[in-house]
Amino acid sequence: PIGSKIILCTDGLANIGIGAMEVLTNKKDKDFDFNYQKLKSFYENLGNKAKEKGITINLLTFAGEESNIEILGQLCELTQGEIIRVKPTEILNEFANLMDNEILATDVSITVKLHKTFEFRNERKEDLSNENSEFNQKVGMVSNESELCLEYRVKSNDELLKMNVDLDLIKEIFFQSIIRYTNLKGAECLRVTTKKQLISDESEKIIAQAKPEII
């Protein structure tokens, strides 16, 4: 059902049946690249199917073991799961922590809109629109521990001149987030949050109110 979890405990070297990785043990093998891409596609498709069903896959692997994280990690990345390396003595605690991570919604997508004088930075081009002032991303599933942090900056002077904008005249700006999601009962929901932020040139006050853990 929607919101289910799979916790995959592995040394990363599946050696039996579909998805077996024994073919990747020798990088000098002439078929290594072909087999690598074939397995990568297999686990990517598996992750997408789990994502469509609202299932989260977590990967619990043992420190020091041969774990093909670059391949198996797709299962977690696509389903908003976690990758955790543990010592054998820690596995029960980590298993319990993963079970406490409650799924809140599936099929989540988010849009964040900045004031036209700002742009996002260090984000993928395909996620940006409206002259880089709008961020759009399909997140998938979210839990009670999910976080999304975005960076933004003032646009260049040349861009501001093209827009005929004088920053000194702007005293407040608006931010808006639009979240679309499906709750665990299957209902499609929409949440819109708009915030007005005053602009200040008092650096000491700004620093006092800042959250260094995010910055």
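The values are calculated or read from the model by the stated rules, or taken from the named source; none is laboratory data. Source: prediction; values computed, not measured. Don't worry about glycine lacking a Cβ; one is built from the backbone with ideal geometry, like all the others, and counts go over all protein chains shown. Side chains included, ligands, DNA and RNA excluded: accessible areas come from the protein's heavy atoms. Shrake-Rupley method; radii C 1.70, N 1.55, O 1.52, S 1.80 Å.
Brief remarks follow.
- Here the extension length gained between Ser129 and Leu160 equals 9.4 nm, from 0.36 nm per residue of separation less the Cα-Cα distance.
- Counting every pair of alpha carbons in the chain, the share spaced more than 30 Å apart comes to 43 percent.
- Between the Cα long axis of helix 32-52 and the first principal axis of the chain there is an angle of about 60°, rounded to the nearest 10.
- Phi-based couplings in Hz for segment 153-162 (Karplus 6.51, -1.76, 1.60; Gly and Pro marked x): 8, 6, 5, 5, 4, 4, 5, 5, 5, 4
- Greater than 18 Å apart at Cα, pairs in Lys113/Lys162; Lys138/Lys195; Lys5/Lys51; Lys116/Lys196; Lys116/Lys171: Lys113/Lys162; Lys138/Lys195
- For the pair Ser41 and Lys211, the difference between a 0.36 nm per residue extended length and the Cα-Cα distance amounts to 57.2 nm.
- Using alpha-carbon coordinates, inclination of helix 91-100 to the longest axis of the chain, degrees: 50
- Of the solvent-accessible surface of segment 95-215, computed with a 1.4 Å probe over protein heavy atoms with every protein chain present, carbon and sulfur atoms account for 49 percent.
- For trypsin sites (Lys or Arg not before Pro), the sites in segment 113-201 that DSSP calls loop and that have at most 16 other Cβ atoms within 10 Å are Lys116, Arg124, Lys171, Lys185.
- Computed from the Cβ-Cβ distance with R0 of 22 Å, the FRET efficiency linking Leu150 to Leu190 stands at 0.65.
- Relative contact order %, segment 106-208, counting alpha carbon pairs below 8 Å whose residues are six or more apart: 31
- At q = 0.09, 0.11, 0.15, 0.18 Å⁻¹ the log10 of I(q)/I(0) for segment 64-191 amounts to -0.42, -0.58, -0.87, -1.05, computed by Debye summation with a single uniform scatterer per C-alpha, solvent ignored.
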